[in-house]
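What follows is a short report on a single structure.
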Amino acid sequence: MKAGRETDAVVAEKIMGVQIPEWLEIPDGLSTMTSYEIVSPYSTNIGAAWQVVEVMHAKGFNVSITADHGWRTRWECCVMLPGGDRPNCKDADTAPLVICLAALFAVGHEEPTP
């Protein structure tokens, strides 16, 4: 998965518990918007991604985030249940994206194969 509105919608549904309809009607009744336009930018905004961390903590998961500042910064996020035998870890170029990927992986949402 890559950062963007599709990933944000999956996070909203699988992690945040938001029921996302196929489309929503704007109250003026003149136009419609897709569900992707109403969810927070979890995979691109650290403030929104931090809400994912808070929800995972509330669900009993431990979350750790680290950065490798080598020639190119690479982020790693590990998520595991307390007492779990091994963490579910992912890495990505940005902190918001890695948080989303690790959280989705921890709840059993597998990335589609390209």
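Tabulated values for the structure
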{"read-out": "Verdict on Val63 being assigned to a strand (DSSP E or B), at pLDDT 80 or above and open to solvent by less than 50 Å² (accessible area, probe 1.4 Å)", "value": "yes"}
{"read-out": "Number of the exception - Asp93 against (1) over 22 Å from Ala48 (Cβ atoms); (2) open to solvent by 70 Å² or more (accessible area, probe 1.4 Å)", "value": "(1)"}
{"read-out": "Some residue of region 5-15 being of a type in the set (Val, Ile, Thr), at negative phi and modelled with pLDDT under 85", "value": "no"}
{"read-out": "Top-ranked residue of region 1-17 - restricted to ones that are part of a loop (DSSP other than H, G, I, E, B) and hydrophobic (A, V, I, L, M, F, W, C), ranked as surrounded by the most Cβ atoms within 10 Å (Cβ to Cβ)", "value": "Ile15"}
{"read-out": "Scan of region 36-60 for residues that are of a type in the set (D, E, K, R) and in a loop (DSSP other than H, G, I, E, B), ordered by number", "value": "Lys59"}
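The values are calculated or read from the model by the stated rules, or taken from the named source; none is laboratory data. Note that the coordinates shown come from a computational prediction; the quantities given were computed from them, not determined experimentally. All Cβ positions, even for glycine, are placed from backbone atoms using ideal geometry, and neighbour counts span all protein chains on display. Please note that ligands, DNA and RNA were not included when accessible areas were found on the heavy atoms of the full protein model with its side chains. Shrake-Rupley method; radii C 1.70, N 1.55, O 1.52, S 1.80 Å.
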